[in-house]
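The values are calculated or read from the model by the stated rules, or taken from the named source; none is laboratory data. Everything numeric in this text was worked out from a predicted model, so none of it was measured. Heads up, the Cβs are rebuilt from the backbone with ideal geometry, glycines too, and the neighbour counts pull from every protein chain shown. Just the protein is used for accessible areas: all its heavy atoms, side chains included, with ligands, DNA and RNA removed. Shrake-Rupley method; radii C 1.70, N 1.55, O 1.52, S 1.80 Å.
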Amino acid sequence: MFSLRRPPAHRLSRLFATSAARSGRAVVYAVNGDPATVLRVRSVPALPPPPAGTLNLQVLLAPINPADLNVVEGVYPSKPRADDAVHLPTHSVSDPLDTGTVWVGGNEGVARVSAVGPGVSGLGVGDWVILTRPQAGTWAAERAVAAADVARVPDAEALTEAQAATLTVNPPTAYNMLSEFIDLAPGDWVVQNGANSAVGQAVIQIAKARGLNTLNLVRHRPEIDELKQRLHALGATQVLTYDELADKSVRDKIKAWTGSKAIRLGLNCVGGKDTALMARLLGADAHLVSYGAMAKQPLSLPTSLFIFKNLKSHGFWQTRWYSMKSAEERAQLMQTLVNLIKENKLDTPAHEVLTISAAQTDEEATEKLQEAMVAMSEGRYGKKLLLKIE
Ligand SMILES: NC(=O)c1ccc[n+]([C@@H]2O[C@H](COP(=O)([O-])OP(=O)(O)OC[C@H]3O[C@@H](n4cnc5c(N)ncnc54)[C@H](OP(=O)(O)O)[C@@H]3O)[C@@H](O)[C@H]2O)c1
């Protein structure tokens, strides 16, 4: 798919200088398509000193989230701005995707301010920041950004790079879904699928911190006992596989666990028939909140749940939440999450760092990245992948 537009030429030189000196790499794409095919690691020129109102950033760590891959595929509603594109010297005539005009992947990540332009106040060299504008491109060693497009990470000295790099997408999604749809009191129950996802793990931890019980659904796998143990260690009250849930006798077990208390919030990132099974566990006047569609199957719910149980089915998108809230409200949520991390109540999910080292050529680094993309698409990671570009 060739849906991305060309950027205005005046912006290109601002984002990456035309100097010949190489300052680092970026993971870029020239066209939308399968990430394992269209992503490239490219050397980028050194940044010039930042002009007024802007900053130069050294990106420390940036996650590769499922939605980032959807952006590369061109199927995600939030897209990079046309003027975020960058122009690099055409590199290889034998590579048909090497057009020179490219987009830097990545939405989330933590960066260190490396230079401050004139007129910028409240931020200094060494501060840790996150990019607040969606899809601004975090898969790079360095970025030049408007100072208005970043927020300082509070209490950064108390956080690891991984904690700060994963602060703005999954934990706030979990936090908001637990608080925006229904008032839950300690002892109440929440059911969720995809419970071992990064969002699911944040749900488990934040629910535990609030005294809520969680019933967590995951896919079966050979090492299911190990996975259940890991989720229990995070604070999961109960964990079942979708196969176990399909067996009707499990209903009595669940009633015993909950003391027949109605489950009034369900969180869905999967879709398909397993979600219909999960929805049947909800009590009267419950809320089913869908925030992902990992099974790529439509959500199909029994009509009886709406008629007889007054089920309410919603969607949640953290990007929309950010766009509707003030800078103060966004900062308050980030501080709340940082406080939970500092109190050891919330941590980054198990992760692996994919390092693109300065010693690799662009071609070697591209090959390594594309292998990782294939492994991710085949579900061979089972861990959050974080990108470090030297
Ligand atoms: N709406 C929002 O604001 C928002 C915010 C953050 C994330 N999300 C969405 O939430 C979802 C999870 O994101 P994440 O970063 O937490 O993901 P993640 O850590 O990469 O985990 C992916 C999860 O999806 C499960 N999964 C993958 N394919 C599946 C399938 N065919 N059937 C059932 N389960 C499947 C995986 O289970 P296995 O371990 O069994 O493979 C795993 O639990 C994604 O769809 C993401 O786009 C939405």
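What to note about this one:
- Cα gyration tensor shape for the stretch 170-320, rounded if a/c is under 1.5, else prolate or oblate: rounded
- Within the chain: Cβ-based charge dipole about Cα centre, in debye rounded to nearest 20 (Lys, Arg +1; Asp, Glu -1): 900
- Of the residues Ala202, Ala52, Gln163, the one whose Cα sits farthest toward the positive end of the charge dipole of the chain, with +1 on the Cβ of Lys and Arg and -1 on the Cβ of Asp and Glu, is Ala202.
- Per residue accessible area of the chain, 1.4 Å probe, in Å²: 44
- Using alpha-carbon coordinates, inclination of helix 327-342 to the longest axis of the chain, degrees: 70
- With the convex hull constructed from alpha-carbon coordinates only, the stretch 133-243 shows a mean projected area of 9.5 nm² over all directions.
- Highest mean first, the peptides 348-359, 174-185, 221-232 sorted by other C-beta atoms within 10 Å per residue fall in the order 174-185, 348-359, 221-232.
- Whole-percent carbon and sulfur share, accessible surface of the chain, 1.4 Å: 53
- The packing ranking of peptides 369-378, 101-110, 121-130, highest mean first, is 101-110, 369-378, 121-130, where packing means the average number of other beta carbon atoms within 10 angstrom of each residue.
- Across all Cα atoms of the chain, the radius of gyration (one decimal) and Dmax (whole number) stand at 22.1, 69 Å.
- Distance from the Cα centroid of the stretch 357-380 to that of the stretch 244-297 is 37 Å (rounded to whole angstrom).
- Dipole magnitude (debye, nearest 20) for the stretch 170-320, charges at Cβ of Lys, Arg, Asp, Glu: 200
- Straight Cα distances below 30 angstrom link Lys368 to the lysines Lys79, Lys296, Lys383, Lys384, Lys388, with same-chain residues fewer than 8 positions distant left out.
- Fraction of alpha-carbon pairs over 18 Å apart in the stretch 56-122 - percent: 58
- The label-point distance for Ser94 and Ser304, in a model that sets each label 7 Å from Cα toward Cβ, rounds to 6.4 nm.
- For the chain, calculated [θ]222 nm from helices alone, where every DSSP H run of n ≥ 4 adds -39500 (n - 2.57): -9000 deg cm²/dmol
- Put simply, the amide H of Ile356, placed in the peptide plane, has neighbours under 5 Å in Lys388, Ile389, Glu390, leaving out anything fewer than 5 places away on its chain.
- Selected from Leu267, Ile341, Val374, residue furthest toward positive end of dipole (the chain; charges at beta carbon): Leu267
- Förster-model FRET efficiency, 30 Å R0, Ile182 and Val374, C-beta, rounded to 0.05: 0.15
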